[in-house]
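Note sheet for the following structure.
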Amino acid sequence: MELSPPAHRRGATTLQPDAPSVVTLHLASLFVCFALVTLCQGGCVEVDSHTEAVLGKTFKITCISCKKRSETVAEAINEWFFKQEGTDEMVKILHYGNERKLEVVDPRFEGLVAWNGTKKVRDLQDVTIFILNVTYDHAGDYLCVVNRTLNYGDVFFYTVVVNKTIHVKVVEKANRDMASIVSEIMMYVLIVVLTIWLVAEMIYCYKKIAAATEAAAQENASEYLAITSESKENCTGVQAAE
């Protein structure tokens, strides 16, 4: 007796998701991803500034002051001071505060300073500046001052002042640092070594392929001779039988 398939399988159809539902799901996933990316913040790393400016060029003076705890709400203002080479007085040259506007207070730097630090936030961590059209008068000590006020839930406020001094010298022609020279030497050495290794590998592969080809040719010749000998023996046996 032939059994009929169960009733719930008769005429069964595969349920396909509704197209609008799939599109909505994808859009929701993209929205969540964009929201997570927006909430992410890059890490802060303090690096030393270059100290050799080239005459007539633009020079970047790096000053970064990172917070110890990124989740703490804070506000910061920045001031730069300058002591020209050969003098003893440290003079304030610019101010960048809560109004998010660069204010140059020293006429010697009027129109020669550009802000390259943190923008559109009240907590300044990167307070880097550019000195435009460097002259010999720009040689000396630059003092970067970051005054940060930490806000602990509008209950407790704590002020931290960070000072960093950068000594800048002005040269007529840029001098290459030792790191770049060593890197260039290592690059050329690596290129030569890799080239030699590649040539050696090509020679090795060529010899290996040639040996395999010769061995295959010898094997085919041996098989041909064996078949020929066997054919002759068979022919000889047939003639003897006749």
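The values are calculated or read from the model by the stated rules, or taken from the named source; none is laboratory data. Computed from a predicted structure; not experimentally measured. We place every Cβ from the backbone using ideal geometry, glycine too, and count neighbours over all the protein chains shown. Remember, those area values only see protein heavy atoms, side chains included, never the ligands or the DNA or RNA. Shrake-Rupley method; radii C 1.70, N 1.55, O 1.52, S 1.80 Å.
Which one of THR118, THR149 is in contact with a strand residue (DSSP E or B) (Cβ under 9 Å, 6 or more places away or on another chain) and modelled with pLDDT under 90? Walk me through how you get there before you give the answer.
Details: THR149 fails: modelled with pLDDT under 90.
When all the criteria are applied, what remains is THR118.
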Looking at region 87-106, can you tell me whether even one residue there is β-branched (Val, Ile, Thr), open to solvent by 20 Å² or more (accessible area, probe 1.4 Å), out of contact with any Pro (no Cβ under 6 Å at 6 or more places or on another chain) and under 18 Å from THR159 (Cβ atoms)? no
For region 119-134, enumerate the residues that are under 16 Å from LYS60 (Cβ atoms) and polar (S, T, N, Q). THR128, ASN133
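Looking only at residues in region 61-99 that are touching a strand residue (DSSP E or B) at 6+ places or on another chain (Cβ under 7 Å) and among the basic types (Lys, Arg), which one is nearest to ARG122 (Cα to Cα)?
Among residues in region 61-99 that are touching a strand residue (DSSP E or B) at 6+ places or on another chain (Cβ under 7 Å) and among the basic types (Lys, Arg), the one nearest to ARG122 (Cα to Cα) is LYS67.
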From the options VAL199, VAL170, residue that is modelled with pLDDT of 80 or more, in contact with a helix residue (DSSP H, G or I) (Cβ under 6 Å, 6 or more places away or on another chain) and not in a loop (DSSP other than H, G, I, E, B): VAL170
Scan the strands (runs of 3 or more DSSP E) fully inside region 39-113 and keep the ones with 2 or more residues being free of Cβ contacts under 8 Å to residues at least 40 places away in the same chain and under 24 Å from LYS173 (Cα atoms). none
If a residue must be in contact (Cβ under 8 Å) with a residue 24 or more places away in the chain, closer than 24 Å to SER49 by Cβ and open to solvent by 60 Å² or more (accessible area, probe 1.4 Å), how many such residues does region 146-181 contain? 7
Kindly indicate the residue of region 127-140 that is open to solvent by 50 Å² or more (accessible area, probe 1.4 Å) and outside any loop (DSSP other than H, G, I, E, B) and also nearest to GLU71 (Cα to Cα) among those meeting that condition. PHE130
